[in-house]
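This report concerns only the one structure given below.
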Amino acid sequence: MDSILVTGNGPLNGQIPIAGAKNACLALMPATLLSDEPLTLTNAPRLSDIKTMTLLLQSLGAEVSSLQDGKVLAMSSHDLTSHTADYDIVRKMRASNLVLGPMLARLGQAVVSLPGGCAIGARPMDLHIEALAALGAEIELRDGYLHAKAPGGLKGAVHEMRFASVGATENMVMAATLAKGTTVLKNAAREPEIVDLVHCLRAMGAQIAGEGTSTIEIQGVDRLHGATHQVVTDRIELGTYMLAPAICGGEVELLGGRLDLIGAFVEKLDAAGIDVAETDKGLKVSRRNGRVSAVDVTTEPFPGFPTDLQAQMMALLCTAEGTSVLEEKIFENRFMHAPELTRMGARIEVHGGTATVRGVERLKGAPVMATDLRASVSLILAGLAAEGETLVSRVYHLDRGYEHVVQKLEAVGAKIERIKG
Ligand SMILES: CC(=O)N[C@H]1[C@@H](OP(=O)(O)OP(=O)(O)OC[C@H]2O[C@@H](n3ccc(=O)[nH]c3=O)[C@H](O)[C@@H]2O)O[C@H](CO)[C@@H](O)[C@@H]1O
Ligand SMILES: C=C(OP(=O)(O)O)C(=O)O
């Protein structure tokens, strides 16, 4: 298993290009299943999760070609040969469940393995099931698989979700594009990745209004056609690399960065003493003066502070002046980076969903273990600012969500290398 060796090396300066969003691309790819015409995605990120989704779609009979070094995905679901998403693929990546809605809409049936829990929480599928059942789907669990059918086709309905789940919103919106009549989804998630998915579906001929608000209205159509769509910027990769100069000092420009994707996060950076300025090409980030100040952070659905940036923000706050309180409200077990950061000298106490971080002057390098995707990168960020060497093992988690992480950080002056193992 590969590891990453990081050596604290002072301020970072230069530019980092931000890729297309993993979480948008993972919802956009299953949209190919809705049409028998080609769907092409540009600005796709080069990640292992995208490869996993490629394998899943191919296992259903879709053609998926990776062009231009993986930045373009050319897909066609002209001939689907299977409606079963197998456990062997689904267990590797929870977002596999996003084939459920499209398959049900296009084929009238779908069998999708339950993804199971993951390191950060139980992550059940009840909200997806309720949303699709509202459209008339009959869904039952047998042998670890969700067996879904809609023999007479899906029918539009008014449905209010109990919680604004990102994935359940995506599944229901995709399914409703081909349902008969009008669907109104209340308490829908408002994440930019959902807005991006709707833009793509609209380019394919879907009739949808209200994306980015908590009520999405979908007028079902008979068929969707082909389209080409550019994947939105990855706001989580953006926020992660914004933290690099915040932690290490220096000034880094994030190419393609957009404030509207990351408002709540930027407010907290500002409170901590980090300047963020818009430029022609993106966002420029630098630390106002010496040490950052402690801030309290609560994770919330968009437009609140994203849970996917909580671990990285904690890495910053470990060396802040004062005490910060981080509350994780989305996932029940998303503080696994805390004991690893503690190994580097951080002072963190976790009680349930609350972590109290007492800032120390400097972290010290240590061997640490990556437990999930965002935890991995938080340890790299911490290592960049620590004294000495930090060896982050189990970095396969990192490859799910960060392309060319070593090259991107090296380009701004970081001392970082991947060690094959
Ligand atoms: C591929 C992708 O886009 N992943 C993102 C997506 O995950 P995902 O779509 O899985 O996240 P959800 O918004 O669905 O989940 C949020 C919370 O709702 C719970 N829940 C969800 C569905 C359900 O049927 N029942 C239920 O109880 C989950 O366990 C979790 O506690 O949004 C999360 C919240 O912003 C992000 O952290 C993930 O990076
Ligand atoms: C939790 C994440 O992803 P997933 O939903 O794919 O597990 C993430 O991107 O931080």
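Placing R0 at 35 angstrom, the Cβ-Cβ distance between ALA411 and ASP126 gives a FRET efficiency of 0.20 after rounding to 0.05. Here the chain is assigned +1 on the Cβ of each Lys and Arg and -1 on the Cβ of each Asp and Glu. Its dipole about the Cα centre then comes out at about 420 debye.
As a ratio to 2.2 N^0.38 Å, the alpha-carbon radius of gyration computed for region 261-400 takes the value 1.00. The slack between GLN219 and LYS180, meaning 0.36 nm per residue of separation minus the straight C-alpha distance, is 13.2 nm. 3J(HN,Hα) along region 226-239: x, 6, 10, 9, 9, 5, 5, 4, 7, 5, 7, 4, 4, x Hz, from the Karplus curve 6.51 cos²θ - 1.76 cosθ + 1.60 with θ = phi - 60°, whole Hz, x for Gly and Pro. The alpha carbon centroids of region 127-145 and region 371-398 are separated by 38 Å.
Comparing THR183, THR81, THR371, which has the greatest mean-square fluctuation in the GNM of the chain with Cα pairs linked when under 10 Å apart? Greatest mean-square fluctuation among the candidates belongs to THR81. Of all the options LEU141, LEU363, LEU309, the one that moves most in a Gaussian network model of the chain with Cα springs shorter than 10 angstrom is LEU141. Restricting the calculation to alpha carbons of region 22-230 gives Rg and Dmax of 15.2, 43 angstrom. Calculated FRET efficiency, GLU160 and VAL72, Cβ-Cβ r, R0 56 Å, to nearest 0.05? It comes out at approximately 0.90.
For the cross-link pairs LYS92/LYS155; LYS92/LYS408; LYS22/LYS71; LYS268/LYS408; LYS22/LYS329; LYS71/LYS408, the ones whose C-alpha atoms lie over 20 Å apart are LYS92/LYS155; LYS92/LYS408; LYS268/LYS408; LYS22/LYS329.
Here's the picture: charge each Lys and Arg Cβ at +1 and each Asp and Glu Cβ at -1 in the chain, and of VAL64, GLN310, GLY421 the one pushed furthest to the positive end of that dipole is GLY421.
When DSSP beta bridges are limited to those with both residues in the chain, what percentage is antiparallel, rounded to the nearest 5? Bridges in the chain are about 70 percent antiparallel.
Compared with the alpha-carbon gap, the fully stretched path from GLN207 to GLU300 is longer by 30.6 nm at 0.36 nm per residue.
Assuming charge only on the beta carbon of Lys and Arg (+1) and of Asp and Glu (-1), the dipole of region 262-421 about its Cα centre is about 460 debye to the nearest 20. Seen from ALA27, the other residues with C-beta closer than 9 Å to its C-beta sum to a net charge of -3, counting Lys and Arg as +1 and Asp and Glu as -1. Here the residues SER376, SER66, SER286, SER77, ranked from fewest to most Cβ neighbours within 10 Å of their Cβ, fall in the order SER66, SER286, SER77, SER376. The HN-Hα couplings worked out from phi for region 350-355 by the Karplus form 6.51 cos²θ - 1.76 cosθ + 1.60 (θ = phi - 60°) are 10, 10, x, x, 10, 10 Hz, whole numbers, x standing for Gly and Pro.
Rounded to the nearest 5, the antiparallel percentage of DSSP beta bridges internal to region 22-230 is 75%.
Here is how the number arises for the chain: DSSP H runs of 4 or more residues each give -39500 (n - 2.57), the sum is divided by the residue count, and the result at 222 nm is -8500 deg cm²/dmol.
Taking only Cα atoms and a 10 Å spring cutoff, compute GNM fluctuations for the chain and point out the largest among ARG190, ARG362, ARG374. It is ARG362.
GLU211 sits among other residues whose Cβ lies under 12 Å from its own Cβ, and their net charge, with Lys and Arg +1 and Asp and Glu -1, is -3.
One Cα centroid belongs to region 337-359, the other to region 237-282; the line between them spans 24 Å. Placing a label point 7 Å from the Cα of THR323 along the Cα-to-Cβ direction, none of the residues of region 242-282 has a backbone N under 16 Å of that point. Of all segments of the chain bounded by GluC sites (Glu not before Pro) found in a DSSP loop with no more than 16 other C-beta atoms within 10 Å, the longest spans 1-331.
Placing unit charges on the Cβ atoms of the charged side chains and taking the dipole of region 22-230 about its Cα centre, the candidate lying farthest along the positive direction among ALA203, THR213, LEU146 is THR213.
With the simple model of a label 7 Å out from the Cα in the direction of the Cβ, ASP280 to GLU349 spans 5.2 nm.
Think of each Lys and Arg Cβ as +1 and each Asp and Glu Cβ as -1; about the Cα centre, that makes the dipole of region 22-230 roughly 220 debye. Taken one residue at a time, the phi angles of region 389-403 give Karplus couplings (6.51, -1.76, 1.60, θ = phi - 60°) of 9, 10, 10, 9, 9, 6, 7, 4, 4, 4, 5, 5, x, 10, 8 Hz. Gly and Pro are set to x.
No lab work stands behind these numbers, since they all come straight from the coordinates. Treat the numbers as computed from the prediction; the structure is a model and nothing was measured. Every residue, glycine among them, receives a Cβ derived from its backbone with ideal geometry; neighbour counts consider all protein chains shown.
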